[in-house]
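Worksheet for the structure shown next.
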């Protein structure tokens, strides 16, 4: 696409004024924005349904489901590695959204014909918990193939705003319609949104293949090849990738500690299931309302001026104080404020920052190691920290209580998790900003050794 044509477009002219987008990048950014919007609107419209199922089956059962989520996340990796190694991205990427749409429609039919079967509810909870991380990991892996390192700093905040806008619209729709169309209707709406995402994905694939961006590597849709378990070996042999994995563990520690507190507080405050779904949906769209403007106007500029280190450490530092406040007072309003800030900050700063960390690495690492860290590492950490929650029950619960770790002390422990998370983020940011070539070489050595 020519620069002249893009400059003459009203949409292109507006975007280049509002954000740090160059004219020749507009079509790819818009396509990526819309893909993220419809994908994330589809997910976030059913997320409140998942959370309501969590309140209905209870904290203990939900914590146990996180173990199954971790197990299926681990089992997904060899399957995904085989698909990436053997199929072109233009073939399997649209199918990812198609499979999700089919599953949501099938579960919607089940909701239509009977009351919620406990097994179906638990299976749906695990499926959504696995697939959401998988979807976003695959999305960013593909974008890292389209944009170079400099472009990621300028553009990833704007593109992430597409996901935030979708995450705003999805729960808002659920909030406004759940009492009239029910959970089954929300599932059908979500399936339709994922079908639209297929169209957006195909459009972005066409832009990638026909109009490669200036500065980005030429498009190459051939299967990646390699060992289907190569991602694990890449991580074990690269300190940089191990650092990213530890950063993900830090995110899990902080979010899981808040998540189970959320289930208890919402269940105690709101007695009707539909009201809980509405509350979860309302919190979701408040988070995204705060996030989307930040991503469009601030994230890219902060990354360019202050660096990725700032994006990775803002939220961990402030969460230390949030947890300490909750250790003193766990009222619903205070908890909701801390919970909303944590999620909005993660979407606006942490998520784009951690995706930028992958930009200097090779294609196979971006797909295989990245997905290994984003899905099974994340979900295994979730399962571990869910068992550490003092109200989840079980032997770990009893051991923690025996040494005096109670509800308030759990919040103090959460502050410690946030501090460690921030330290890892600082190390990664400094490594990325000051020594990117070494990080690239280290990951490349891991790739060569794993395939030797």
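For this structure, a couple of remarks:
- Fewest-first ranking of 40, 95, 66, using other Cβ atoms within 10 Å as the exposure measure: 95, 66, 40
- The gain in end-to-end length when the residue 289 to residue 199 segment is fully stretched comes to 29.8 nm, 0.36 nm per residue minus the alpha carbon separation.
- Here the gap between residue 91 and residue 179, fully extended at 0.36 nm per residue and compared with their Cα-Cα distance, gives a gain of 27.8 nm.
- Debye-formula intensities of segment 279-373, expressed as log10 I(q)/I(0) at q = 0.13, 0.21 Å⁻¹, are -0.55, -1.06 (one equal scatterer per alpha-carbon, no solvent).
- Peptides 262-272, 310-320 ranked from most to least packed give 310-320, 262-272, packing being the mean of other C-beta atoms within 10 angstrom over each peptide's residues.
- Equivalent ellipsoid semi-axes, segment 127-174, via Cα gyration tensor eigenvalues times 5, rooted, Å: 23, 16, 5
- With neighbour counts taken as other beta-carbon atoms within 10 Å, the residues 195, 39 rank, fewest first, as 195, 39.
- If the segment from residue 275 to residue 209 were pulled out straight at 0.36 nm per residue, it would be longer than the present Cα-Cα gap by 19.1 nm.
Rule-based calculations on the coordinates, nothing more; no lab input. No experiment lies behind these values; they were computed from the predicted model shown. All Cβ positions, even for glycine, are placed from backbone atoms using ideal geometry, and neighbour counts span all protein chains on display.
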